[in-house]
Amino acid sequence: MQLLASYLAGSWSNGSGAKVPLVNPTTEEVIAEVANGGHDLAAAFRFAREAGWYELGQMTFAQRGALCGALAKAVSAAREELITLAIANAGNTRSDAKFDIDGAAVTLSHYAELGAKLGDAKLLGDGEPLQVGRTARMGGQHVWTRRHGVAVHINAFNFPAWGLGEKLACALVAGMPVIAKPATATALVAHRLAQLFEPLLPKGVLQVLIGPAGPLLDEVRANDVVAFTGGSATAAMLRSKVSARLNIEADSLNAAVLGPDVELASETGGLFVADVARDITQKTGQKCTAIRRVLVPAGRFDEVCAALKDRIAGIAVGDPSRDDVRMGPLATAQQLADVRAGIARLAAATDSVYGGTGEIAPVGVPAGKGYFVGPVLRSTSDPMGCAELHSHEVFGPVATVAPYEGDAAFAADFVARGEGCLVSSAYSDDRDWVAGFVTSAAPWAGRLYLGSAKMAAQSPGPGTVLPSLVHGGPGRAGGGEELGGERGLRFYMQRCALEGDASVLKSLTQS
Ligand code: NAP
């Protein structure tokens, strides 16, 4: 049995104690193990604070960007191997695996380019130079400098490659050494990436703890930062335990709204149906950005339900290594139990449109094996009163459709009922309706995706997180913010106000 080692304090460490199994969610076979603990985490933090901090301090933004570029190439070169691991350990179809792995490579490349653009500087200017004295000789300038600490990255099970890559890219370019802790259940991909990245980075710049966190957070000091992606219960624990700067990406009840002007047969209508159907089934619905709540004009309710039903009924569910299968299992037994419980709660408050409560006979899988649930579409006639719809994220292939009268303010209110989401989408070619929706919905979403005929042909869909746009959301979604190009570096940096000779200040921020 393969025992996955962690890369800590400059060497590979197997840890000690009880072993935690990693399981193939299609067959339920144990495919690898990790130690439950036994790592010297204090030594890892020391190594990051000393070696990692020093090494990154020798480098300019451009040089750190070049490191991201090398990592992106390594991800792309190992693509096929990583896809195989993702199919085995996460139940990903080939297409799901590519979404994660290519997402990591694209994001690292984006930050490679950003580093190159920021050039040979080590400080980033913030705003225009100011005159703070009697004459222009006496100046003021705000600058961003890297934080003097360690960046701890804790990631969710659903994006083992992208999660590792997107957080690492921002911290690296900003100049903070990283200790990453991928989710244990799907750690095979992250472990392989750690092996690939290790020879490409200066010592101490990236350490990877494979397996449970153990006393990881006990080592966090005031100047460190913790970036977390995962469930709200873990997030709540982190909030009470971590006094350092903390970024949280948590649950999200993302909504999709069809505007009253849109015919379903139009380009915009087609985009809406394709996006909703994709989000129900891609990665078996285990996407933090997946659409969970769907609002459609009452006059089109039956037509939309029929169109979505048509799409998802054609999706073959089963062994994700097969070419004819489009949706695999959930990643873990725990996920299956949670999703089944979530569907049962939703089923008590809604009607079935398709898939009942998710019972399915998966293709190519021995009877009774695997963590499978079929795609589920539910409906309610009460978009605002159905509390279950707005209060519980079912992290699986499940969405609920509700009708409305087409009012933009009502649609924004529907988004708001989720109490803060990562992304919500609206599909309309009526600019006035869109303006009304955006103004009222924007405070409730980290990102608003505006589907229309003009952009339909080049749209990646609302579920794709782009490195150039911020990712995160208010309220329930955690209140965090990642990525967004240069904005993504800020979490790892601090502002310092400089005052002095204006020409000296200018030279400090010129690359
Ligand atoms: P989770 O159970 O909260 O786990 C997330 C991470 O936290 C894992 O690495 C986990 O490690 C770690 N963790 C657990 N207890 C810890 C502790 N005491 N100290 C330090 N780390 C600890 O979430 P999940 O089940 O992996 O992910 C599903 C959830 O993530 C969903 O609710 C989804 O909405 C959310 N999500 C959000 C985003 C976003 O960007 N907002 C993206 C993806 C997923 P172990 O694996 O070792 O337990």
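Some observations on this one:
- In segment 222-265, residue farthest from the chain's Cα centre (by Cα) [restricted to those that are acidic (Asp, Glu) and open to solvent by less than 10 Å² (accessible area, probe 1.4 Å)]: Asp224
- Those residues of segment 222-265 which are of a type in the set (Lys, Arg) and either more than 16 Å from the ligand (Cβ to nearest atom) or in contact with a strand residue (DSSP E or B) (Cβ under 6 Å, 6 or more places away or on another chain) (or both), in sequence order: Arg245
- Residue in segment 266-285 that is open to solvent by less than 30 Å² (accessible area, probe 1.4 Å), within 12 Å of the ligand (Cβ to nearest atom) and either under 28 Å from Gly370 (Cβ atoms) or without any contact (Cβ under 8 Å) to a residue 60 or more places away in the chain (or both) present: yes
- Among the conditions (1) away from the ligand (no atom under 14 Å from the Cβ); (2) surrounded by fewer than 24 Cβ atoms within 10 Å (Cβ to Cβ); (3) modelled with pLDDT of 95 or more, Leu168 misses just one, which is (2).
- The number of residues in segment 480-511 being in contact with a strand residue (DSSP E or B) (Cβ under 8 Å, 6 or more places away or on another chain) and open to solvent by less than 50 Å² (accessible area, probe 1.4 Å) comes to 14.
- If the condition is being more than 13 Å from the ligand (Cβ to nearest atom) and more than 23 Å from the chain's Cα centre (by Cα), then segment 199-221 contributes Pro199, Leu200, Leu201, Pro202, Lys203, Gly204, Arg221.
- Any hit, segment 245-260, residues being in a helix (DSSP H, G or I) and either out of contact with any Cys (no Cβ under 8 Å at 6 or more places or on another chain) or under 30 Å from Gln494 (Cβ atoms) (or both): no
- Residues in segment 16-38 that are open to solvent by 30 Å² or more (accessible area, probe 1.4 Å) and over 25 Å from Gly368 (Cβ atoms): Ser16, Gly17, Ala18, Lys19, Asn36, Gly38.
- Check on Val178, over 18 Å from His39 (Cβ atoms), more than 9 Å from the ligand (Cβ to nearest atom) and of a type outside the set (S, T, N, Q): no
- Residue check for Ala112: in contact with a Cys (Cβ under 8 Å, 6 or more places away or on another chain) and part of a helix (DSSP H, G or I): yes
The values are calculated or read from the model by the stated rules, or taken from the named source; none is laboratory data. Given the structure is predicted, the values throughout are model-derived calculations rather than measurements. Cβ sites come from the backbone with ideal geometry, for glycine too, and all protein chains shown count toward neighbours. For accessibility, only protein heavy atoms count, side chains too; no ligands or nucleic acids. Shrake-Rupley method; radii C 1.70, N 1.55, O 1.52, S 1.80 Å.
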